[in-house]
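The values are calculated or read from the model by the stated rules, or taken from the named source; none is laboratory data. These numbers were taken from a predicted model, which means no experiment stands behind them. Counting neighbours? That spans all protein chains shown, and the Cβs are built from the backbone with ideal geometry, glycine included. The protein model used for the area step is the full one, side chains on, heavy atoms only, and it has no ligands, DNA or RNA in it. Shrake-Rupley method; radii C 1.70, N 1.55, O 1.52, S 1.80 Å.
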Number of protein chains: 2
Amino acid sequence: MGSITNIPYDELTIGQSASMVKKITNDEVVLFGCLTGDANPVHFDSEYAKNTRFKTRIAHGMLSGSLISAVLGMQLPGTGTIYLNQSLNFCYPVYIDDAITVTVTVKEKKEKNRVVLECVCTNQNGKIVTEGQAEVIAPAEKITCQTFSLPKLKFA
Amino acid sequence: MGSITNIPYDELTIGQSASMVKKITNDEVVLFGCLTGDANPVHFDSEYAKNTRFKTRIAHGMLSGSLISAVLGMQLPGTGTIYLNQSLNFCYPVYIDDAITVTVTVKEKKEKNRVVLECVCTNQNGKIVTEGQAEVIAPAEKITCQTFSLPKLKFA
């Protein structure tokens, strides 16, 4: 169990950013498959994937979007953030074992605590794999809270 | 292991739709947390959630987006689809144990096999929780392929 402290609307500045790095291993791809039911062989079957335009297995594109939501909810603005909308452009495939850096940057502060953030996911070669824009209602007050202790998962 | 057959570009018609229903239980919320690292207590801690505007625990909004991607990749257009972009508006919270119906509908066929689809997620009361638009490159050819046998997950 850890704790997180948010960055309320009044403390947000244009250009402020937060990021996380996450390696997308086979486990993440299997987890995303279990979560959504997306068992398409392009994500799981190397032989099948050889005959696709990608030539090798790729991760689900929306995995990047899921990581963006985590940075918004945990870091910037963090806890108390209300997610309004998100655009996502899937620019380049995420391959198994890519290390994805997710960065969100404050682009615009609007009225009623609304904030627009640029969201960029790059791979270990600096190539943009996913980019888009989020709009949120930033929290009005500073909050520190305990995070949940996530369990370990086992594949049976 | 099952098999899926896609709907190639030439067979797609405006208004054609596909859907799936998925109950978002505590397990899905924990899984999404494990996958993304989003351990915000609004998703996990009932006592904390009581004092938020939602009054009770809510699922991660991006979970709906993840289900949309599964319908596009598995059903319509299905295997061989290239995901180009997605917009998502988070209209209403998803609460634990909501049964979410995800429907994607062909809205426009463009040149170079590009297709625009409307994406709507509703809860068991018919309320729209998430809606948006996807653009994909639909597969040019009919493909039938074996889906991957996803493992059972255990929380340790």
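Here are the numbers:
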read-out: 1.4 Å probe accessible area per residue over the protein assembly as shown, in Å²; value: 44
read-out: Acute angle (nearest 10 degrees) that the helix B:26-36 long axis makes with the longest principal axis of chain B, alpha-carbon atoms; value: 70
read-out: Buried area at the A-B interface (accessible, heavy atoms, 1.4 Å probe, summed, Å²); value: 4500
read-out: For the range B:1-119: lysine pairs under 29 Å (alpha-carbon distance), excluding those fewer than 8 apart on one chain; value: 7
read-out: Set of aspartates and glutamates near B:K142 by C-alpha distance (under 15 Å), chain-local residues within fewer than 8 positions excluded; value: B:D10, B:E11
read-out: List B:M62, A:M20, ordered by accessible area with a 1.4 Å probe, largest first; value: A:M20, B:M62
read-out: Within the accessible area of the range B:1-68 (1.4 Å probe), percent carbon and sulfur; value: 47
read-out: A:E111-B:S17 pseudo-label distance in nm [points 7 Å out on the Cα-to-Cβ vector]; value: 3.6
read-out: Most mobile of A:I68, A:I14, A:I100 in a GNM of chain A (Cα contacts under 10 Å); value: A:I14
read-out: Solvent accessible area, Å² - B:E118, 1.4 Å probe, full protein context; value: 80
read-out: Nearest 10 degrees, 0 to 90: helix B:62-74 Cα axis against chain B principal axis; value: 30
read-out: Candidates B:N125, B:N26, B:N113: whichever shows maximal mean-square fluctuation once chain B is modelled as a Gaussian network with Cα springs under 10 Å; value: B:N125
read-out: Reciprocal of mean inverse Cα separation for the protein assembly as shown (Kirkwood radius, Å); value: 19.6
read-out: Residues of the range B:138-155 buried by at least 50 Å² on assembly (accessible area, 1.4 Å probe, chain alone as reference); value: B:F148, B:L150, B:P151, B:L153, B:K154
read-out: P(r), alpha carbons of the range A:47-156 - 5 Å bins starting at zero, rounded %; value: 2, 11, 19, 18, 16, 14, 10, 6, 3, 1, 0
read-out: Distance between modelled label sites at B:A99 and A:D10, nm, 7 Å Cα→Cβ extension; value: 4.7
read-out: Residues losing 40 Å² or more accessible surface upon assembly, the range A:20-41, compared with the chain by itself, 1.4 Å; value: A:L31, A:C34, A:L35, A:T36, A:D38, A:A39, A:N40, A:P41
